[in-house]
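Read through the structure below, which is laid out as structure tokens, and then see the notes.
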Amino acid sequence: MLDKHQSSQVESSAPIEPSERLRSRWWGALGTFEARQGPRTSAELRREARRPFAEAMSAAALWVKRQRDKRLQPASEVVSGILDRLGPAPAPDAPRRVLVVVAHPDDEAIGAGAVLRGFPDVTIVHVTDGAPLDGDYAVRKGYESRDAYAEARRREVVAALNVIGLPQQRIRSLGLVDGEAAFHLVELCHKVADLFDELQPDVVLTHPYEGGHSDHDSTAFAVHLAAGMLLRQGQKAPVILELTSYHNYNGKRRVFSFLPFKSSRIRTVYLSPEDRRVKREMFDQFTSQLPVLEKFPLEVERFRQAPRYLFTVPPHEGQLDYERLCRRITGAEWRANAERALEELRTRQSFRGVG
């Protein structure tokens with residue numbers, strides 16, 4: 001696919017500038033490609049003869065990594081069984097311990113408000129407190145300060161989850177500022193890993209990597225990295241499932257759908273009138289977010305097994321959804337932060353990320 005700045009007719013003498021996504025596929029992770037500034041030197045020409053061997057060794061290493069990754073993935077029939085048992089009604093063979101890790105207070109209600117009732121042992125974790133750093137935003141929402149807005153978000157989510165009988169003790173926050181998770185990726189990975197160690201979940205429900213919100217992508221990053229650490233230490237890791245949120249699709253925000261991903265089965269749960277009534281009651285508790293929640297339908301909830309992501313390339317071509325509305329960070333900046341976090345975590349040897 002041609003980059004948007006390229007013409008469909010390219011002169012043979014004109015240099016081709018690939019898109020960022022294609023560049024990462026051709027030459028490796030972001031930041032590793034440097035344009036040639038002049039003719040090859042004699043030393044470079046001598047190295048040319050050794051390139052076929054080096055390329056073969058690199059391809060072999062990649063093949064070994066992919067085979068190892070396949071062995072680390074849970075069996076497809078296990079995941080299919082878990083997906084089949086998702087639903088608002090408790091199932092006798094439902095996963096015992098479920099951890100929901102989402103970016104903001106209300107994300108769990110939007111993506112899984114009805115299905116949460118079917119889990120016998122569930123803990124909700126919010127990565128951020130739901131209040132942006134800009135105090136003026138809180139004032140525009142009718143609150144005295146950012147802290148007052150964060151406290152209101154906490155009260156709202158506690159009331160919403162109380163509708164389905166989830167006690168306040170099962171609702172935690174990691175305390176990051178809304179919109180700032182991308183600047184604390186290493187810290188966030190460690191916090192999620194500590195949660196896995198403490199709670200020993202069978203299943204983790206979290207966001208997909210879709211560019212809908214930078215905090216959503218940061219949360220997905222941390223969950224995948226924490227699970228990867230456990231696997232590479234020979235320990236059992238939870239099955240990672242995803243709930244829907246939103247992403248940019250042809251210039252518009254699309255909700256309750258996933259970006260396509262090969263061999264990733266989607267489970268759609270159709271909500272009964274009673275399920276929709278309960279979810280509507282949950283939504284009504286988020287008084288500060290009602291204009292946003294009105295855009296999300298109540299008829300279905302969708303889930304899938306999380307694919308293995310490459311967090312250093314864009315989740316899709318074109319502008320990301322948060323780039324249309326957010327001035328805090330761009331997609332390229334987010335991916336640069338992710339690449340630095342991956343390098344730091346690998347350097348520490350206790351983490352060997354999955355990105």
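Every number in this text was worked out from the coordinates using simple rules, so none of it is lab data. Since the model is a prediction, treat every value here as computed from it, not as a measurement. Neighbour counts run over all protein chains shown; Cβ positions are idealised from the backbone, glycine included.
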Seminar exercise, completed: The exposure ranking of VAL139, VAL79, VAL100, VAL223, fewest beta-carbon neighbours within 10 Å first, is VAL139, VAL79, VAL100, VAL223
Exercise. Karplus couplings for the stretch 149-159 from phi (6.51 cos²θ - 1.76 cosθ + 1.60, θ = phi - 60°), rounded to Hz, Gly and Pro as x?
Worked result: 5, 4, 5, 5, 4, 5, 4, 5, 6, 5, 5
Exercise. Let a ≥ b ≥ c be the square roots of the eigenvalues of the Cα gyration tensor of the stretch 72-347; is it rounded (a/c under 1.5), or, if not, prolate (a/b larger than b/c) or oblate?
Worked result: rounded
Seminar exercise, completed: For GLU333, placing the label point 7 angstrom along Cα-to-beta-carbon and taking the stretch 155-181, residues whose amide nitrogen sits under 14 Å are 179-181
Exercise. Restricting attention to the stretch 123-161, which GluC sites (Glu not before Pro) occupy a DSSP loop and are surrounded by at most 14 other Cβ atoms within 10 Å?
Worked result: GLU144
Seminar exercise, completed: Expected sort for THR219, THR287 with the fewest Cβ neighbours (10 Å cutoff) up front is THR287, THR219
For this session: Name the long-range amide H neighbours of SER173: under 5 Å, sequence gap of 5 or more, or other chain; modelled H, no Pro or chain starts.
Result: HIS126
For this session: Provide LYS295, LYS141 in ascending order of the number of other Cβ atoms located within 10 Å of each residue's Cβ, fewest first.
Result: LYS295, LYS141
Exercise. Which of LYS141/LYS236; LYS191/LYS252; LYS262/LYS295; LYS236/LYS295 have a Cα-Cα distance over 32 Å?
Worked result: LYS141/LYS236; LYS191/LYS252; LYS236/LYS295
Exercise. How much length, in nm to one decimal, is gained on full extension between ARG140 and LYS262, taken as 0.36 nm per residue of separation minus their Cα-Cα distance?
Worked result: 39.6 nm
Seminar exercise, completed: The simple spin-label model distance between VAL78 and ASP147, using points 7 Å out along Cα→Cβ, in nm, is 4.6 nm
Exercise. Which whole-Hz ³J(HN,Hα) couplings does the stretch 303-308 yield from phi under the Karplus relation 6.51 cos²θ - 1.76 cosθ + 1.60, θ = phi - 60°, glycine and proline marked x?
Worked result: 9, 7, 5, 5, x, 8
For this session: Starting from the amide H of HIS247, placed 1.01 Å from N in the peptide plane, find each other amide H under 5 Å away whose residue is 5 or more places distant or on another chain.
Result: ARG254
